[in-house]
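Input: a single structure, listed below in structure tokens.
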Amino acid sequence: MKVRIVVSLRDGVLDPAAETIRRSLGALGFDGVGAVTQRRVFEVEIDGRDEAAALEEARAMADRLLANPVIETFVVEPVG
Amino acid sequence: MRAAVVTFPGSNCDRDLAVAFAKATGRIPVRVWHAETELPPVDVVGIPGGFSYGDYLRSGAIAARSPILRAVAAFAAKGGRVLGICNGFQVLTEAGLLPGALVRNAGQRFVSRWVELRVENDATGFTAGWRAGDRIRLPVAHHDGNYVADETTLAHLEATGAVAFRYADNPNGSARAIAGVCNDARNVLGLMPHPERAIGAELGGSDGAVLFRSLVAALA
């Protein structure tokens, strides 16, 4: 099955790239643009596991590599 | 003093760091490839600057999970001295050997220039050749040098003297203008500026040589 892991910066960690994108949207004439958030999305095929086990494994992947707990949080969800 | 320098795919300051160690110690450092699982018998391990693994995922993230880093972590746990410079600092934070993290510069731009630093703690084996409060000049060259940590961690760093160097004119938005930090045991140091690029007048400055001489003195 396929599992999605969405990694986000923690509140309070400045994301200068998102801020630049927000300003660029404004420069293109999109008025009313408030905060812009970027997230990183991973989709991982995990073979031979039921959904619960695959999600557990995905959480372990995020804990150990895909997210840095100092600056990021993550959520996992099944795809499809 | 015997030194080792680790090289990852994408390291580009490993040679400079080896030269700095050689100049300070009179001995050629052992070069260690990232895929190795054991360190040679040395007193200090240098994790150099560069773009290990192309900075994929996060700067230093993949290198921090490489085989040699398990050996470096075990070496540090036994009190071995570990010096991480630039990408090496990022690797050490990603590996959990130093607190905090290094994210994109607040100004979004890659910053490559000489900066002035204040030596904050002269009571470490890396910094004993200075006096606290000394102003020194070292080059920086990084895109992800913005030091972040939660308030509890920052308060702990300040209260315990773990901040080794602070920018005089914060070039990257780092919390508390932190340029380099030690672990609690003071045997691991990470810093974004490049002392190995400032070891002689022909390089534009020699303040960095003090760090390597301090290590030699501490390990004598």
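Laboratory data are not the source of any read-out in this text; all were calculated from the coordinates shown. Note that the coordinates shown come from a computational prediction; the quantities given were computed from them, not determined experimentally. Ideal geometry is used to build each Cβ from the backbone, glycine not excepted, and the neighbour counts take in all protein chains shown.
Here are the numbers for this structure:
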item: Odd one out for A:F30, checked against (1) of a type outside the set (A, V, I, L, M); (2) more than 11 Å from chain B (Cβ to nearest Cβ); (3) at positive phi; result: (3)
item: Those residues of the range B:55-89 which are buried (at least 19 other Cβ atoms within 10 Å of the Cβ) and among the basic types (K, R), in sequence order; result: B:R58, B:R81
item: Which numbered condition B:G100 fails, given (1) under 14 Å from the mean Cα position of the chain (by Cα); (2) at negative phi; result: (2)
item: Scan of the range B:150-170 for residues that are within 17 Å of the chain's Cα centre (by Cα) and within 14 Å of chain A (Cβ to nearest Cβ), ordered by number; result: B:L157
item: Filter pass, A:V70 being of a type in the set (A, V, I, L, M), in contact with a Gly (Cβ under 8 Å, 6 or more places away or on another chain) and within 11 Å of chain B (Cβ to nearest Cβ); result: yes
item: Only listed residue being more than 18 Å from B:H194 (Cα to Cα), surrounded by fewer than 16 Cβ atoms within 10 Å (Cβ to Cβ) and hydrophobic (A, V, I, L, M, F, W, C), chosen from B:A149, B:A155, B:A95; result: B:A155
item: Tally of residues being among the small types (G, A, S) and on the phi > 0 side of the Ramachandran plot across the range B:168-184; result: 2
item: Candidate set from the range B:120-134 (those that are more than 20 Å from B:M1 (Cα to Cα) and not charged (D, E, K, R)); member that is surrounded by the most Cβ atoms within 10 Å (Cβ to Cβ); result: B:N121
item: Index of the failed condition, A:E77 passing every other in (1) within 14 Å of chain B (Cβ to nearest Cβ); (2) in contact (Cβ under 8 Å) with a residue 60 or more places away in the chain; (3) of a type in the set (D, E); result: (1)
item: Qualifying residue in the range B:52-72 (condition: closer than 14 Å to B:G10 by Cβ, in contact (Cβ under 8 Å) with a residue 60 or more places away in the chain, in contact with a Cys (Cβ under 9 Å, 6 or more places away or on another chain) and small (G, A, S)); result: no
item: Any hit, the range A:46-57, residues being more than 13 Å from every other protein chain (Cβ to nearest Cβ), closer than 29 Å to B:N172 by Cα and touching a Lys or Arg at 6+ places or on another chain (Cβ under 8 Å); result: no
item: For B:F165: the one exception among (1) crowded, with 22+ Cβ neighbours inside 10 Å; (2) assigned to a helix (DSSP H, G or I); result: (2)
item: Within the range B:37-51, considering residues that are closer than 23 Å to B:P139 by Cα and of a type in the set (A, V, I, L, M, F, W, C), the one surrounded by the most Cβ atoms within 10 Å (Cβ to Cβ); result: B:I47
